[in-house]
Amino acid sequence: MNSKWQTQELSKAYLDGVQGAIPSAGAQLEVLLKIALFWNPEIRNVMDLGCGDGILGRTVKTEFPGAQMYFIDFSEPMLDAAKNKIQVDDSINFIKSDFSSSNWKTQFSEKFDLIISGFSIHHQPNERKKTLYREIYELLNPRGIFLNLEHVASATEEVEKIFDDYFIDHLYSFHNNNGQSTEREAIADEFYNRPDKAENILAPVDVQCEWLRDIGYRDVDCFFKTFELALFGGRKII
């Protein structure tokens, strides 16, 4: 059964009305690039897993213009959005792949210097997350890097509520700044009753970092965190 995320309507709603409102988005991308450059200034092969409109991969491509880029998503609308925003050449590859199944990695014979993911893995159950992190590890070159920009769980319900209010405020500002006179209450109602809410399966970032260490990732850390938005990952050193 397909995820509710794999619909034209929900994909468009995310790209048009949510992605641009993600708090601290610019800083998240800046930190991601700093980590990648610090660990490997000669990245040649990059996977953007669950690429959405390709914002992470496009940012990396700007810094590493010679890199081969693979934009992966299980949603056709997301891949179409990425194609519309990327100047396609021989270094750009778009691949539809459902990484909720372990079969996805059999599509790749190459290994990667950098695998990045942005707000796509939290929909998976915890056991699938752990297995997926291992599959990503197996696809990395020695000294390859995995960086995951993700929605993670708060430690308490009170902090979760604070984050929800914080995020809704950003959604409200984003809509108003783009000429949409939507009431905050309507945005909050849509946020709390969105179709994929039941699939928003969150795990604390410290728990996920421990999973990465158990798999064999080195230098694992949470490099950036604003409430429930976190950039974490590590690298493969053999």
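General remarks:
- Filter pass, residue 178 being farther than 30 Å from residue 206 by Cα and exposed (fewer than 15 other Cβ atoms within 10 Å of the Cβ): yes
- Taking the numbered list (1) closer than 20 Å to residue 158 by Cα; (2) surrounded by 14 or more Cβ atoms within 10 Å (Cβ to Cβ) in turn, residue 198 passes all entries but (2).
- Residue match in region 171-188 (condition: of a type in the set (Lys, Arg) and closer than 19 Å to residue 26 by Cβ): no
- Single residue of 108, 167, 119, 99 found to be under 18 Å from residue 196 (Cα atoms), modelled with pLDDT under 95 and over 16 Å from the mean Cα position of the chain (by Cα): 167
- The residues of region 18-60 that are charged (D, E, K, R), farther than 16 Å from residue 91 by Cα and outside any loop (DSSP other than H, G, I, E, B), listed by number, are 30, 34.
- Breaking point among (1) of a type outside the set (Ser, Thr, Tyr); (2) closer than 21 Å to residue 32 by Cα; (3) modelled with pLDDT of 95 or more; (4) under 21 Å from the mean Cα position of the chain (by Cα), for residue 142: (4)
- Residues that are of a type in the set (Ser, Thr, Tyr) and surrounded by fewer than 18 Cβ atoms within 10 Å (Cβ to Cβ) within region 101-139 comprise 101, 102, 106, 109, 131, listed in sequence order.
- Given (1) in a helix (DSSP H, G or I); (2) of a type in the set (A, V, I, L, M); (3) surrounded by 15 or more Cβ atoms within 10 Å (Cβ to Cβ), number of the condition residue 231 does not satisfy: (1)
- If you go through region 13-25 and keep only what is farther than 17 Å from residue 150 by Cβ, modelled with pLDDT of 60 or more and surrounded by fewer than 17 Cβ atoms within 10 Å (Cβ to Cβ), you end up with just 20.
- Of all residues making up region 61-80, the number that are surrounded by fewer than 23 Cβ atoms within 10 Å (Cβ to Cβ) and in a helix (DSSP H, G or I): 7
The values are calculated or read from the model by the stated rules, or taken from the named source; none is laboratory data. Keep in mind that what you see is a predicted model, and the values were worked out from it rather than measured. Cβ coordinates were reconstructed from backbone atoms using ideal geometry, including for glycine residues, and neighbour counts include every protein chain displayed.
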